1. Among the candidates ARG372, ARG362, single out the residue that is within 13 Å of the ligand (Cβ to nearest atom) and basic (Lys, Arg).
2. Taking the options ARG308, ARG338, ARG318, name whichever one is away from the ligand (no atom under 15 Å from the Cβ) and either more than 30 Å from ALA243 (Cβ to Cβ) or within 19 Å of the chain's Cα centre (by Cα) (or both).
3. Scanning for something in a helix (DSSP H, G or I) and among the small types (Gly, Ala, Ser), does the range 316-326 turn up at least one residue?
4. So is GLY219 surrounded by fewer than 20 Cβ atoms within 10 Å (Cβ to Cβ), away from the ligand (no atom under 12 Å from the Cβ) and at positive phi or not?
5. Here are some residues: ILE245, ILE206, ILE211. Which one is assigned to a helix (DSSP H, G or I), in contact with a Pro (Cβ under 6 Å, 6 or more places away or on another chain) and surrounded by 15 or more Cβ atoms within 10 Å (Cβ to Cβ)?
6. For ALA302, work out the one condition from (1) part of a loop (DSSP other than H, G, I, E, B); (2) within 12 Å of the ligand (Cβ to nearest atom); (3) at pLDDT 95 or above it doesn't fulfil.
7. Report yes if GLY319 is under 22 Å from ASP254 (Cβ atoms) and either in the same structural domain as LEU280 (by TED's automatic domain parsing) or of a type outside the set (Gly, Ala, Ser) (or both), otherwise no.
8. Look through ALA75, ALA67, ALA62, ALA23 and report the one residue that is over 20 Å from VAL232 (Cα atoms), surrounded by fewer than 21 Cβ atoms within 10 Å (Cβ to Cβ) and not hydroxyl-bearing (Ser, Thr, Tyr).
Amino acid sequence: MAGVRNLIFVLGDQLTPGLSSLAAGDPTRDVVLMAELHNEATSVRHHKKKLVFIFSAMRHFAGELRAGGWTVDYAPLGSADGRAGFTDRLAQAISEYRPARVVVTEASEWRVSQEIARWGARFSIPVDVLPDCRFLCSIDTFRAWAGGRKQLRMEYFYREMRRRTGLLMDGDQPVGGKWNFDSENRKAAGTDLFMPRPEAFAPDAITREVIDLVKARFGNHFGDPAPFRFAVTRVDAQAAFTAFIDRALPRFGDYQDAMLVGEPFLYHAVISQYLNCGLLDAMSVCRGAEAAYRAGKAPLNAVEGFIRQIIGWREYVRGIYWLKMPGYERSNFFGHTRPLPDFYWTGETDMACVKAVVRQTREEAYAHHIQRLMVTGNFAMLAGIDPFALHEWYLSVYADAF
Ligand SMILES: Cc1cc2nc3c(=O)[nH]c(=O)nc-3n(C[C@H](O)[C@H](O)[C@H](O)COP(=O)(O)OP(=O)(O)OC[C@H]3O[C@@H](n4cnc5c(N)ncnc54)[C@H](O)[C@@H]3O)c2cc1C
């Protein structure tokens, strides 16, 4: 196939039809390149369920693109191409298609962004790296906000994001007269409460094939690939979100900071893996939550709390990452050097809360925020664990970790 105009490289967490690289393309003349890469699956030893989720969602997205008229060159993990890295895969595709240029949306990870930055010098055609418009605050806008401030307070960033997006605003004032209802997010949960479960989806033939592949290829990675319940398509991810709005959002606010034995999910949305790989859109889910409030279906402390996590914390953490990398990953304020204890993998410890979180993490590739922050995060800090080792643990064990 000669005379291809653009080769569009879509990465595994870019599964969004409106992605900037695709929006700049033309299905009749461009080729989309996707690849399940061994190097990426093992950059840290990612949880088996996370690998199944990403590879299956990628395969379904390739199908969605083909149905929309795109030509997709997809290298599955089992193929010879699956052994290469991004650059080798691209080199091979450039020699095959001889495109006029390469187009890619910026990567979400520093390591990958550095690899992409070298493509311009390596290949003799232009490489366009486009901004990731799925985030509501661009990397440059965050840098401008942070510039010259003594303290980077999330609360001030969040207020600006509320004004900019218009979410939960009455004119230029916050709905309810307060920006933040965090003090109303701290009730203790009791077993008498009705606990909704996140919507579960039976694996289809594509997912079952990927489960077998991951078991065979990454058997020594942490975690159980089955039972597999995540959505792997946009439609199912949307169904999971709608179920959250109907069943859990009304109590999300009250019990946001709670933990309860035997309850892995409480009233959390369990959507971060969908947001982070592009099956759900940040602004749409915030609008969905706001609509539930305006329709009287969920209280303000729940809806404000939910929206704050997404346009506040999620955007803020991403902004800080790009502001402070590459040094950030190795920063170590307390100079802690202890290795990560084995029980972060085995769950074999007498500390009941740590044991519960590790076992749940192994089964679900999910823990809610308070478990991550107050149990595994807090313990590691108190025990003087090397933060880089802990960072690698978080990056490998959670389905949403990119
Ligand atoms: C040590 C540590 C590591 C974490 N690693 C990740 C990660 O790799 N990827 C990731 O997406 N989140 C991470 N989080 C944030 C948060 O724990 C998860 O987003 C959340 O648990 C996902 O579950 P949920 O979808 O049920 O969230 P909910 O509680 O229902 O919140 C809704 C959404 O808000 C966002 N969100 C919630 N809390 C935070 C937060 N503190 N920071 C940023 N966004 C938030 C997520 O997109 C989430 O889906 C981490 C938190 C801690 C303390």
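1. Numbers: ARG362 fails: within 13 Å of the ligand (Cβ to nearest atom).
Exactly one residue qualifies, and that residue is ARG372.
2. Values: ARG308 fails: away from the ligand (no atom under 15 Å from the Cβ); ARG318 fails: away from the ligand (no atom under 15 Å from the Cβ).
Criteria check complete, one pass: ARG338.
3. yes
4. It is false that GLY219 is surrounded by fewer than 20 Cβ atoms within 10 Å (Cβ to Cβ), away from the ligand (no atom under 12 Å from the Cβ) and at positive phi.
5. Within the list ILE245, ILE206, ILE211, the selection yields ILE211.
6. Every listed condition holds for ALA302 apart from (1).
7. In short, no.
8. Exactly one residue qualifies, and that residue is ALA23.
The values are calculated or read from the model by the stated rules, or taken from the named source; none is laboratory data. Keep in mind the model is a prediction, meaning the values are calculated, not measured. Quick reminder, even Gly has a Cβ in these numbers, built from the backbone with ideal geometry, and neighbours come from all protein chains shown.
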